[in-house]
Amino acid sequence: MTDASNGTDTNNSQRPTGEEDATVVFDDFYGAINGTMDATGKTGYTTQAGGPFPDGGDTLQDFMPGSRCSDSIYRELDTRYIGLVVSTHGPGQGYTDYDEPLAKVAAYWESQGWEPRNSGGTGGNMKAIQTTTSHGTLLVYTAGAGGDFITAESPCLHGFNQDYDPDYSPPPQ
């Protein structure tokens, strides 16, 4: 794993990407979260809102709207990303030794061809790693005294903005 805490992380998930198919990126995003959860060996993950993590049959619209990547008045820059946090936080879910769960997740990521990196998000009661998938999903896995936390963010895409019109051009200045 390389250390991204020193500013060498080259993840550009907040930059708009090309016209990739939003469905391809969503499938990557969703599959990466599911695979990471499976790698931990735990079940019972819940979303940040407190509900259970949804089944794999969910559509892109189940995660809409995402968050804006830019506040530009020019619609060609009006992209969005989708993000999700899932956790096993709760009594009896935590760790005292963070290396074992981190090694499981890192091994899964490496099996997918993704490079695990230390995230710099370590503290006295947690340790975290991160990776970027081949389609640009940023994953951060944290093993902590309170349980497992997985944060995922897709790249910024026009396809995640339901109002995006590829034929729009800004008015002349």
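Derivation of every value follows stated rules applied to the coordinates shown; laboratory data play no part. Computed from a predicted structure; not experimentally measured. Neighbour counts are summed over all protein chains in view; Cβ atoms, including those assigned to glycine, are modelled from backbone coordinates with ideal geometry.
Could you please report the charge total around residue 144, scoring K, R as +1 and D, E as -1 over all other residues with beta-carbon less than 12 angstrom from its beta-carbon?
Residues close to residue 144 contribute a combined charge of -1.
Net charge around residue 39, counting only other residues with Cβ within less than 14 Å of its Cβ (Lys, Arg = +1; Asp, Glu = -1)?
Summing Lys/Arg as +1 and Asp/Glu as -1 gives -2.
Could you go through region 142-155 in sequence order and give the Karplus-derived ³J(HN,Hα) for each residue, using 6.51 cos²θ - 1.76 cosθ + 1.60 with θ = phi - 60°, rounded to whole Hz, and x for Gly and Pro?
Per-residue couplings from phi come out as 10, 9, x, 4, x, x, 9, 9, 10, 10, 10, 9, 7, x Hz.
Please arrange 114, 109 by how many other C-beta atoms lie within 10 Å of their C-beta, fewest to most.
114, 109
Take 158, 89, 135 and order them by how many other Cβ atoms sit within 10 Å, fewest up front.
By the 10 Å Cβ count, ascending: 89, 135, 158.
How would 138, 157 line up from fewest to most surrounding beta-carbon atoms within 10 angstrom?
138, 157
At 7 Å along the Cα-to-beta-carbon direction for both residue 47 and residue 67, put a label point, then send me their distance in nm to one decimal.
Rounded to a tenth, the inter-label distance reads 1.6 nm.
Give me the one-decimal nm value for the distance between modelled label points at residue 93 and residue 134, 7 Å along each residue's Cα-to-Cβ direction.
3.2 nm
How far, in nm, would the chain grow between residue 23 and residue 85 when pulled straight, counting 0.36 nm per residue and subtracting the alpha carbon separation?
20.3 nm
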